[in-house]
Amino acid sequence: MCGIVGYIGNNNAKDVLLEGLKRLEYRGYDSAGIAVRCDSSLVEIVKSEGKIDNLVKKISSLNINGTKGIGHSRWSTHGKPSEINAHPHHSDDYNVVGVHNGIIENYQELKEKLLRHDYSFYSETDTEVLIKLIDYYYKKYNIGPVDAINKAIVRSRGSFALALMFKDYSDQIWFAKKGSPLIIAKGEGESFLASDVPALLSYTNKVYYVDDFECGSISKNEIKFYDLNGDDITDTKKLVSIDWEADSVNKGIYPYYMIKEIHEQPEAIKETINAYLDKNNNIDFLHIGISEKYLKSLDEIYIYACGSAYHVGLVGAQIIENITGINARVELASEFKYRNYHMNPNALAIIISQSGETKDTYEALLKCKESNIKTLAICNVKGSTITRDADFTALTYAGPEIAVATTKAYSCQLVVLYLFSIALAFSKGQIDISRYRSLIEDISTIPQKIESILNNESTIQSLAQRLVNKKDVFFIGRGIDYALSMEASLKLKEISYIHSDSYAAGELKHGTLSLIDESVMVIAILTQPDLFEKMVSNIVEVKSRGGKVISLTTDNFNVQVKSDYNITIPTINPLFTPSLSIIPLQLLAYYTSIGKGIDPDKPKNLAKSVTVE
Ligand code: G6P
């Protein structure tokens, strides 16, 4: 989704805005723009199509000096990517200039109203309509920014995080939020706003989260918050410390964020495991409010998430069912809203989200709350919307994840679900103390085993050459391997643009086999001892139709004779193989993307944090 930034202080605003936009580029990158107030009557707006670098180039030849401004990186919804549709947008007299992340659903109706009042429109965007609506109320009632913003908010349906500059209030930048994320931060003689923490980390790690239906202003020395009635609520807002290092948003020695984040996995997983083990190596969820007694009382688990986080849920549900004796139901958050199944009051709903801002996932959380189902958020961003509304939050300690395709957050979510499942199984008396200990011991070996896979990166890099020219790749697996293969397939398709799909291996014969020929690559994942032989038969089925096969298995099995290429991972408890299997498959996707000359950090048409339905 789009990213917005705002700055007011003593430094050159354009530098702060461009740096912030670069940090937020993962939220959208089809066009970008900034508006800088050069003096009380002049606002310079510069926009360009394409990545932020295009904007940087354009601005470098211009003389833009001012210490206040707003910026935007766009992921288009209304109106194609183009300079005219890029933000900032403005009222015709530049009385109001603004940037917006979100969607105004009733923009057409609002536009017609404004057309009747002699407004005209230069872009196809809903944002231009919203900016002009604020301008309309501001002028009609002569009521100042807070009331004009609030009147426009009440009339608008949809979601927004807004940053605005008013001509008459040249020492302030105004903001408002509903549905889309927005944070505010204060430095020494300067203030900031942004869609997300990474944009501001090099300036400050102390932020305010703006809640829905709040608006306010930032100036050099003051931050103000107001509610929908226009009442000052600044005293009620809490400053939150983010414990991420400023350096963690840099690429360091790596050419892309994705490969950096792949390599950060051992450390991130270690930190995440440690956060849920006490000094005696017992699993501890009590510090986030989940007691053994509560776990014991549960008789069903629901899991709701989108994208890769949903794939974590698919693995987690199988582990829960394997060891806890209770059922787990996993649903795409975007589909859950259309389902009307009876919800068990003794169930816990686990909501998984890296960003904590995905709209579909957040709505699943709200639906659980309406049904009086307790919610546990597994989330990477402290203070994000989902963590604020969930009953319990288990943070993952992946640090900021910038590449659009998730790697380290996925891996950290997996280990939290492993630990949760073991705690649940133990509290329900489904596993004894020695199994409990040995499962924890197995999980603790994951980081070092991932290290050993990463040490063999060059093998995967060469194997990627076999994929760059492929048009179709199928991933197959059974059980936990099937769940894992869905994530592997998503990784490959999102960053290499190769059509790839994941199939339950047992389903091949029910349709997919007709697609297999010499041009197709099949990646078979077979890490589960009890399913091994069946998987070997599936490999043979593919081979006998001319398909090429890459098999992935633990190093205690040998399928080399049956496949064209083989990847091995260290042996581990079969429940936890997804944590190891995913590593070479992330690398395979990454190097295939590189081999095709694609920027793996910013796949076309995708955004990391999706705050629309
Ligand atoms: C987007 C991203 C995916 C991510 C999904 C859910 O589609 O491109 O990588 O898995 O959103 O995001 P979340 O932040 O909720 O985990």
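Output the residue which, of all residues in region 485-526 that are assigned to a loop (DSSP other than H, G, I, E, B) and in contact (Cβ under 8 Å) with a residue 60 or more places away in the chain, is nearest to the ligand (Cβ to nearest atom). Result: Tyr497. Do we find a residue being open to solvent by less than 30 Å² (accessible area, probe 1.4 Å), within 12 Å of the ligand (Cβ to nearest atom) and touching a Pro at 6+ places or on another chain (Cβ under 8 Å) anywhere in region 365-382? Looking for residues that are open to solvent by less than 30 Å² (accessible area, probe 1.4 Å), within 12 Å of the ligand (Cβ to nearest atom) and touching a Pro at 6+ places or on another chain (Cβ under 8 Å), one finds none in region 365-382, hence no.
Annotation for region 135-142: no member residue is touching a residue at least 24 places away in the same chain (Cβ under 8 Å), within 14 Å of Val97 (Cα to Cα) and open to solvent by 50 Å² or more (accessible area, probe 1.4 Å). Filtering Ser609, Ser579 for residues that are within 16 Å of the ligand (Cβ to nearest atom) and either crowded, with 24+ Cβ neighbours inside 10 Å or modelled with pLDDT of 95 or more (or both) leaves a single hit, Ser609. In this structure, does Ser537 turn out to be surrounded by 17 or more Cβ atoms within 10 Å (Cβ to Cβ), farther than 30 Å from Ile402 by Cα and over 34 Å from the mean Cα position of the chain (by Cα)? Here the answer is no, as Ser537 does not meet what is asked. Here is the figure for region 160-192: residues that are within 22 Å of Val240 (Cβ to Cβ) and among the polar types (S, T, N, Q) total 2.
For Ile303, the stated conditions hold: it is crowded, with 20+ Cβ neighbours inside 10 Å and within 16 Å of the ligand (Cβ to nearest atom). All told, Ser91 meets the bar of being open to solvent by less than 40 Å² (accessible area, probe 1.4 Å), polar (S, T, N, Q) and modelled with pLDDT of 90 or more.
The rows are residues; the columns are (1) polar (S, T, N, Q); (2) open to solvent by 20 Å² or more (accessible area, probe 1.4 Å); (3) outside any helix (DSSP H, G or I).
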position	(1), (2), (3)
Leu62	no, yes, yes
Leu110	no, no, no
Leu115	no, yes, no
Asp118	no, yes, yes
Phe121	no, yes, yes
Ile131	no, no, no
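If the condition is being open to solvent by 80 Å² or more (accessible area, probe 1.4 Å) and closer than 23 Å to Gly313 by Cβ, then region 421-436 contributes only Gln430. Please work out if Ile572 is outside any helix (DSSP H, G or I) and in contact with a Pro (Cβ under 6 Å, 6 or more places away or on another chain). Judged against the criteria, Ile572 is not a match.
If you go through region 242-287 and pick out every residue that is open to solvent by less than 50 Å² (accessible area, probe 1.4 Å) and within 30 Å of Trp174 (Cβ to Cβ), you end up with 4. Within region 460-483, can one find any residue that is over 20 Å from Ser593 (Cα atoms), among the charged types (D, E, K, R) and surrounded by fewer than 21 Cβ atoms within 10 Å (Cβ to Cβ)? No, because not a single residue in region 460-483 is over 20 Å from Ser593 (Cα atoms), among the charged types (D, E, K, R) and surrounded by fewer than 21 Cβ atoms within 10 Å (Cβ to Cβ). Please work out which residue is farthest from the ligand (Cβ to nearest atom), limiting yourself to region 582-602 and to residues that are surrounded by fewer than 19 Cβ atoms within 10 Å (Cβ to Cβ) and in contact (Cβ under 8 Å) with a residue 40 or more places away in the chain. Among them, the one singled out is Gly595. The number of residues in region 558-569 that are open to solvent by less than 50 Å² (accessible area, probe 1.4 Å) and either more than 28 Å from Leu515 (Cα to Cα) or not in a loop (DSSP other than H, G, I, E, B) (or both) comes to 3. Every condition in (1) in a loop (DSSP other than H, G, I, E, B); (2) surrounded by fewer than 24 Cβ atoms within 10 Å (Cβ to Cβ); (3) not basic (Lys, Arg) holds for Asp15 except the one numbered (1). Being basic (Lys, Arg) and either at pLDDT below 95 or not assigned by TED's automatic domain parsing to the domain that holds Leu492 (or both), is that true of even one residue in region 593-602? Yes.
When only residues in region 308-350 that are part of a strand (DSSP E or B) and within 16 Å of the ligand (Cβ to nearest atom) count, which is surrounded by the fewest Cβ atoms within 10 Å (Cβ to Cβ)? Restricting to residues being part of a strand (DSSP E or B) and within 16 Å of the ligand (Cβ to nearest atom), the top hit is Leu332.
The values are calculated or read from the model by the stated rules, or taken from the named source; none is laboratory data. Here the structure is a predicted model, which is why all the values come from computation and not from measurement. We place every Cβ from the backbone using ideal geometry, glycine too, and count neighbours over all the protein chains shown. Please note that ligands, DNA and RNA were not included when accessible areas were found on the heavy atoms of the full protein model with its side chains. Shrake-Rupley method; radii C 1.70, N 1.55, O 1.52, S 1.80 Å.
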